[in-house]
1. Looking at this structure, is residue 35 surrounded by 13 or more Cβ atoms within 10 Å (Cβ to Cβ) and modelled with pLDDT of 80 or more?
2. Return yes when residue 143 is out of contact with any Asp or Glu (no Cβ under 8 Å at 6 or more places or on another chain), at negative phi, surrounded by 24 or more Cβ atoms within 10 Å (Cβ to Cβ) and polar (S, T, N, Q) and no when it is not.
3. Have a look at 384, 372, 414 and point out the one that is touching a helix residue (DSSP H, G or I) at 6+ places or on another chain (Cβ under 7 Å), assigned by TED's automatic domain parsing to the domain that holds residue 259 and over 25 Å from residue 160 (Cα atoms).
4. Restricting attention to the stretch 415-450, which residues are of a type in the set (D, E, K, R) and either within 18 Å of residue 330 (Cβ to Cβ) or touching a Gly at 6+ places or on another chain (Cβ under 9 Å) (or both)?
5. Does residue 80 meet the test of being surrounded by fewer than 21 Cβ atoms within 10 Å (Cβ to Cβ), farther than 17 Å from residue 46 by Cβ and in contact (Cβ under 8 Å) with a residue 60 or more places away in the chain?
6. Give me the pairs: first residue in the stretch 114-130 and assigned by TED's automatic domain parsing to the domain that holds residue 207 and within 22 Å of residue 40 (Cβ to Cβ), second residue crowded, with 16+ Cβ neighbours inside 10 Å and among the aromatic types (Phe, Trp, Tyr), beta-carbon distance under 7 Å, and six or more apart or on different chains, which are they?
7. Which residues, counting only those in the stretch 330-355, are within 16 Å of residue 380 (Cα to Cα), crowded, with 17+ Cβ neighbours inside 10 Å and not hydroxyl-bearing (Ser, Thr, Tyr)?
Amino acid sequence: MNDTTSPASSTPTKPSWRDAWLVYLEPASWRMLFLGFSAGLPLLLVLGTLSFRLREAGIDRSTIGFLSWVGLVYGFKWVWAPLVDRLSLPLLTKLLGRRRSWLVFAQCLVIVGLVGMGWCDPQSNLEPVVWCALLVAFGSATQDIALDAFRIESADTQHQAALAATYQTGYRLAMIWAGAGVLWVAARASVVPVAPADAVASVYQHLAWQTAYWVMAASMSVGLLTVLFSAEPTAIELTPARNVKEWLQSALVEPFADFIRRYQWQAVIILLLIAIYRISDVVMGIMANPFYVDMGYTKDEVAAVSKVFGVIMTLVGAFIGGVLSMRLGVMRILMLGAVLSAATNLLFAWLAGVGHDLTALIWVVSADNLASGIASAAFIAYLSGLTNVNYSATQYALFSSMMLLAPKWLAGFSGVYVDAHGYAAFFNSTALLGIPVLLLVWLAARQSKA
């Protein structure tokens, strides 16, 4: 198999354990930490946090549900990924380079959108808030496209797992800030009402939410400054297109044709693996919160365990996965992540029989998140290794978009299954979904050695 997936195509030497851990102190790793924060910040602000704000403003639940479709923008980012991959931005590209110019442009879109979401009051006029949320989602998805390309072109294949781990760390920290942090800021900015609130709408304070969203917009400066103080990664020089047809061929057709050309019939196995690798986690995750409620866990208990133990163990798993991938190879850790992701679902089946036990919940959630961190670090490294640096943005956008389509579709039936068979059977079934994943990892590993 031709290795045209990274700047360095020669076989890398295996680093020592000490060198494998020290990679997290390198400037590239720190850059991905801050850029990961910038990538993770907008997501909840147009989904979970926005829903909280709209409900407090008195918007009905049906409308809030329809507005969650704003998140579909992320699933179709592969449509405009070829433009991000090949198109130069006037002035910006000349000043910053192709990747950094698109990152700055996308981050500015997010900032403008967040400022607009804070400025507009959904209680008096919802439509401007929706348009601003769409702008944030579009800017965020575009940032993801450019950032994936920036990461892939910033280091060789051997270092991709470590960059993925630090990226995930920044991403998770940003989601805490955009979830719990924005509520904390809004609460501190609220004015104590002079009369008791007897309705949901009466407790809504637009200025408090305005302050919170503007603080989030200012927080995007973390990523913006990181891009401005970073060097443009070395990329293959693009040949100017002579006409529109030639440009469409190079921007839209060639990225997909290149992938098929390089992997031929093996592309089927690779695409199947991408499509279902996270299926156990995604399908199980839909029923996790209803399970906690039905088991009698309080909101405080679930929040403490998932936000503290869960986040910590995910980050630990991501760093472990990054180091092990460098030392033992991505495919071995990809297999380990698949085994652990399926096996930890069996722990939830056991927890269903135990009932309300906070200590047991801590152990199960910790194990599940540790497995998820290991699997994610290896999987991102694997996807990065599949791309060709000529089309890194387009190809990675395609991979990262398709990896959730089948799991998300199947997860829609999870509630029906639980109603019919119970939680224990459901969790055991999600573990069994991991068996085809193990087979595909084994086949992909064999073809990578061919």
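1. Numbers: surrounded by 13 or more Cβ atoms within 10 Å (Cβ to Cβ): yes; modelled with pLDDT of 80 or more: yes.
For residue 35, the condition - surrounded by 13 or more Cβ atoms within 10 Å (Cβ to Cβ) and modelled with pLDDT of 80 or more - is met.
2. Against the criterion (out of contact with any Asp or Glu (no Cβ under 8 Å at 6 or more places or on another chain), at negative phi, surrounded by 24 or more Cβ atoms within 10 Å (Cβ to Cβ) and polar (S, T, N, Q)), residue 143 qualifies.
3. Values: 384 fails: over 25 Å from residue 160 (Cα atoms); 372 fails: over 25 Å from residue 160 (Cα atoms).
Exactly one of 384, 372, 414 is touching a helix residue (DSSP H, G or I) at 6+ places or on another chain (Cβ under 7 Å), assigned by TED's automatic domain parsing to the domain that holds residue 259 and over 25 Å from residue 160 (Cα atoms), namely 414.
4. Matches in the stretch 415-450: 446, 449.
5. Considered against the rule, which asks whether it is surrounded by fewer than 21 Cβ atoms within 10 Å (Cβ to Cβ), farther than 17 Å from residue 46 by Cβ and in contact (Cβ under 8 Å) with a residue 60 or more places away in the chain, residue 80 comes out as yes.
6. As it stands, the answer is 114/213; 115/214; 117/213; 118/209; 118/213; 118/214, since those pairs meet every condition given.
7. Those that are within 16 Å of residue 380 (Cα to Cα), crowded, with 17+ Cβ neighbours inside 10 Å and not hydroxyl-bearing (Ser, Thr, Tyr): 330, 331, 333, 334, 335, 336, 337, 338.
Yes/no per residue for (1) more than 27 Å from residue 381 (Cα to Cα); (2) surrounded by fewer than 21 Cβ atoms within 10 Å (Cβ to Cβ); (3) at pLDDT below 85:
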| site | (1), (2), (3) |
| --- | --- |
| 49 | yes, no, yes |
| 60 | yes, yes, yes |
| 68 | yes, yes, yes |
| 76 | no, yes, yes |
| 118 | yes, no, no |
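The values are calculated or read from the model by the stated rules, or taken from the named source; none is laboratory data. Keep in mind that what you see is a predicted model, and the values were worked out from it rather than measured. Methodologically, a virtual Cβ is constructed for each residue, glycine included, from the backbone with ideal geometry; neighbour enumeration extends over all protein chains shown.
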